[in-house]
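**Q** My questions all concern the structure below.
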Amino acid sequence: MIDALHVHLPVLPILVPLLFAAVMLLSERRGIVVQRALSAVGLACLLAISIALVAVADEGRITAYLLGDWPARLGIALMVDRLNALMVLTTTLLGAACLLHACGGWDRRAIHFHALFQLQLAGLNGAFLTGDLFNLFVFFEVMLIASYGLLLSGGRGPRMRAGLHYVVFNITASTLFLIALGLLYGLLGTLNMAEMAQRAAQADPANLSLIRAASGILLVVFCAKAALAPLYLWLPNAYARAPAAVAALFAVMTKVGIYAVLRVYTLVFGGLAEGTPAAMLADWAWAWLLPAGAVTLVLATLGVLASSSLRMLVAFLVIASAATLFIAFSLGTTDTLAAGLYYLVHSTFVAAALFLIADLVRRQRGGAGDTLDRNGPLRHNALLGLLFATAAVSVSGMPPLSGFIGKTLLLDAVPATSMAWVWTVILLTGLLTVVALARTASQVFWRAQPWPDTTPVPAPPGRAHVAAAVLLLAYGIAMTAWAAPVLAYAEAAARQLQAPADYVEAAHATRPLLREPSP
């Protein structure tokens, strides 16, 4: 039994949430308590699987899994290495906190919440684990369809408008994704990423322009998912209007786009083609992404400064974190990749924590809600202020928490040729972020007015709501306390990512890929 589980470990992060989602749909009439119990059991199983996946990946080997034992290109190939194992574990840990918050009462208002939540986890894990570009599209759609339901459940008015914009934008991006896949399949004859890497390296020079055009369309799609300028305009309003537990879970969705760029443009395009014309396929992408990341970071920071609500401020911080990651990964050295991976995990947790804290503040401010343009009363300001201060120190990169470690490592790893402007952009935007967060803390917590005697006192924060925010902040504190092993894992993942030949070899080792001449 244990051996069978070990053999099938790569598919379990997808299969387990799908099975629990089906069971929850069939058992909805049994009440919310049963739904919550099933969600908790499913997430506990997924956490155990994710930890086992990281342990296997940390041994240094890349594992290939062929569903149905079909050869790659005909069937679905899943691949497990250090990078995607880390992403699956990050998603699971994030999901635990989001589920805890939702079980504080909001899940009663959302139809099919628990089933959609499991489907969302299945889509996210599938996107990280798949070794096939078409199935990346499939898991993107699973993830997005579930997110549509989560975002729009129980919504009305502004949330419905923001949700519809989110749906339309992502459907448009998905259409472009399909167009790019059709072009690449016609040119390379496969969508398995390992085999695409080989065929792109040996591509006919006459086809390189079309391959580059298709890769450019893909880049637009992935950057739209990751909210890179100018494709980020959909995100702030959608995330700010989403329910707190959903917005917190969405903190990892921009990272899916970043992961896709990192995977595809280190493996498929140019990964095996150094010294050939095909190498330009990746070089031009990274050369464009570096300044685009810097511009996005500046614009997102200005958005943080100009935000009129706490939730909108956090949404712009999500964009800023994605932009920082694009800068780190575009620099392309092992050290910047490792620093970026550490920062990726940190920024996911702290942004999610801030969404939950913003919801707590909104509930305890009465009519003022989470607005920043007017003062208002605030109950339990000491507790909420402490939570916000911890998250603010971390997200702004101030010592001693994980944000400081991530940014310091990144700045230290910047190549000398890019040091002047990268340091300027990151440090200046970091300073402006500190100013914005200090202003927010002063407005919401320091200047809080006494609660009016004539106004009903809100119920104290629910234990589940507070515990969820504390759990996310605890993840960041744990990353600070155990920074050395986390960084060692990130460095090993960065080195593995820079050796695409090992990925291709692992894909061949399980069962040879079908070999047909390129068209």
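**Q** Report, to one decimal in Å, the Kirkwood hydrodynamic radius for region 225-381 based on all distinct Cα pairs.
**A** Values: mean 1/r = 0.0602 Å⁻¹.
The answer is 16.6 Å.
**Q** Let me ask you something else. Report the per residue volume, in Å³, of the convex hull enclosing the C-alpha atoms of region 227-271. Could the numbers behind the result be given before it?
**A** Numbers: hull volume 2.7 nm³, N = 45.
Per-residue hull volume (Cα only) is 60 Å³.
**Q** With both partners inside the chain, how many of the DSSP beta bridges are antiparallel, as a percent to the nearest 5?
**A** Numbers: 7 of 9 bridges.
Antiparallel bridges make up about 80 percent of those DSSP assigns within the chain.
**Q** Hey, what's the Kirkwood Rh for region 150-273 if you take every pair of different alpha carbons, in angstrom? Each step should come with its number before you reach the end.
**A** Details: mean 1/r = 0.0632 Å⁻¹.
For region 150-273, the Kirkwood estimate is 15.8 Å.
**Q** Please give the FRET efficiency for residue 302 paired with residue 69, using the beta carbon to beta carbon distance and R0 = 41 Å, rounded to the nearest 0.05. Kindly include the intermediate steps, with their values, before the conclusion.
**A** Numbers: r = 53 Å, r/R0 = 1.29.
About 0.20, to the nearest 0.05.
**Q** When the C-alpha atoms of region 284-326 are aligned to their principal axes, what extent does each axis show, in angstrom, from largest down?
**A** 38, 13, 9
**Q** In addition: How would 316, 250 rank on accessible area, largest to smallest, probe 1.4 Å? Could the numbers behind the result be given before it?
**A** Values: 316 35, 250 0 Å².
From most accessible down to least: 316, 250.
**Q** For a quick size check, give me the Cα extents of region 118-211 along its three principal axes, largest first, whole Å.
**A** Projected onto its principal axes, the Cα set of region 118-211 covers 53, 25, 13 Å.
**Q** Where the eigenvalues come from the Cα gyration tensor of the chain, what are the semi-axes √(5λ) of the equivalent ellipsoid, largest first, in whole Å?
**A** On the way: eigenvalues 280, 141, 84 Å².
Taking √(5λ) for each Cα gyration eigenvalue gives 37, 27, 20 Å.
**Q** Is region 292-354 rounded, prolate or oblate when judged by the Cα gyration tensor, a ≥ b ≥ c being the square roots of its eigenvalues, rounded requiring a/c under 1.5 and prolate requiring a/b larger than b/c?
**A** Here region 292-354 falls in the oblate category.
**Q** Sticking with this one: Computed over the Cα atoms of region 383-470, what is the ratio Rg over Rh, Rh following Kirkwood?
**A** Working: Rg = 18.1 Å, Rh = 15.7 Å.
Taking Rh as the inverse mean 1/r over Cα pairs, Rg/Rh reads 1.15.
The values are calculated or read from the model by the stated rules, or taken from the named source; none is laboratory data. Values in this document were obtained by computation on a predicted structure and should not be read as measured data. As a convention, Cβ positions derive from the backbone with ideal geometry for all residues, glycine included, and neighbour counts pool all protein chains shown. Accessible surface is based on the protein model in full, side chains and every heavy atom, while ligands, DNA and RNA are left aside. Shrake-Rupley method; radii C 1.70, N 1.55, O 1.52, S 1.80 Å.
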